[in-house]
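**Student:** Handing you a structure now.
Each reported figure results from applying straightforward, stated rules to the coordinates on display, with no laboratory input. Worth saying up front: this structure is predicted, and the values here are computed from it rather than measured. Using ideal geometry, Cβ is built from the backbone for each residue, glycine included, and neighbour counts are taken over all protein chains shown.
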Amino acid sequence: MNRYIWAPLAALVIACSAHAQSAAETGTPDAVVKNAIETTMSAIHADPGSRAGDLDKIAAIVQQKFVPEADFRRTARLAAGSAWDQATPAQQDELFKQFQVLMVRTYAAELNQIRDQSVQFKFLPSPPPPASATDAVVKTQVVNAGDVMNIEYRVTKTAGGWKVYDINMMGAWLIQVYRQQFSDQIAKGGIDGLIKFLAAHNEPVSH
């Protein structure tokens, strides 16, 4: 079974700045990303169980703190491609549900592995998007033991503000990676086959 990876975000979360402006104060794409990262990591550091590596508690914090700042439904829709449009509303809802569980638990597992690492993190300067913009990219760098990793976050403007929906690390956007994996499962069993595949992948880590 393919392993789904959320390491780019995990690597960036562990390096969050202690002086990020609140997204509520600025509402800009970079502030939203920064705030999502900072509040998630602060909550993990404040919880004894999470600091000790309790995956269920880390996942609960991710669900509470990071998920509201992300648009995983958009991620799932774009990754599923034309199959999403052909699916029924119930199938779309179930695909989104299973995909979000996957994201939360994979993210929590990655955070658990690197929660004690110390790395430096920077936002690269970028002009604010025009008022009419509905999509933007936030560029960052993560420095660990002299190694520099460039990571980009794509955000979309929704009725609830800017939301993270895609990540680019080493030239590969998250949606592109999932699109190929989703396509393989859809070819085998349709949209229901993809849903079953994700549910089966989620099952071992849901208990």
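**Student:** Please rank 101, 143, 62, fewest neighbouring Cβ atoms within 10 Å first, as an exposure proxy.
**Tutor:** If I rank by nearby Cβ atoms, fewest first, I get 143, 101, 62.
**Student:** What are the equivalent ellipsoid semi-axes of segment 120-207, built from the alpha-carbon gyration tensor (square roots of five times its eigenvalues), in whole angstrom, biggest first?
**Tutor:** So the three semi-axes of segment 120-207 are 31, 20, 13 Å.
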